[in-house]
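Asker: Quick one: the structure is below, questions incoming.
The values are calculated or read from the model by the stated rules, or taken from the named source; none is laboratory data. A quick note: this is a predicted structure, and the numbers were derived from the prediction, not measured. Note that we place each Cβ from the backbone using ideal geometry, even for glycine, and neighbour counts take in every protein chain shown.
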């Protein structure tokens, strides 16, 4: 078993390692289709990781056709992790 001090030291080392990795994978800057730069609503950071998420509906889920549902673009803030949802594509830049 670890002592409380050892556990706290490992936790701090883990957080520092995570910060270092986030700096290495900084993310990208994005703009909307009308040219406005996107900034995080929580921390005002401008670097994000891009992903997609399905917008499931009851009917398609009931029929087992979830994969036919539309998808949304998500941007995940590299600083605080806040997830931003968009129904249109965003442009790197």
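Asker: If I ask for residues that are at pLDDT 85 or above and more than 10 Å from residue 52 (Cα to Cα), which ones from region 68-86 would you list?
Answerer: Once the filter is applied, which keeps residues that are at pLDDT 85 or above and more than 10 Å from residue 52 (Cα to Cα), region 68-86 yields 76, 77, 78, 79, 80, 81, 82, 83, 84.
Asker: Where the second residue is at pLDDT 85 or above and not in a loop (DSSP other than H, G, I, E, B) and the first is at positive phi and loosely packed, with under 13 Cβ neighbours inside 10 Å and lies in region 66-93, which pairs have Cβ atoms under 8 Å and are six or more apart or on separate chains?
Answerer: 93/30; 93/31
Asker: Here is a follow-up. Taking into account only those residues within region 1-38 that are within 13 Å of the chain's Cα centre (by Cα) and closer than 11 Å to residue 79 by Cβ, which is surrounded by the fewest Cβ atoms within 10 Å (Cβ to Cβ)?
Answerer: Restricting to residues being within 13 Å of the chain's Cα centre (by Cα) and closer than 11 Å to residue 79 by Cβ, the top hit is 26.
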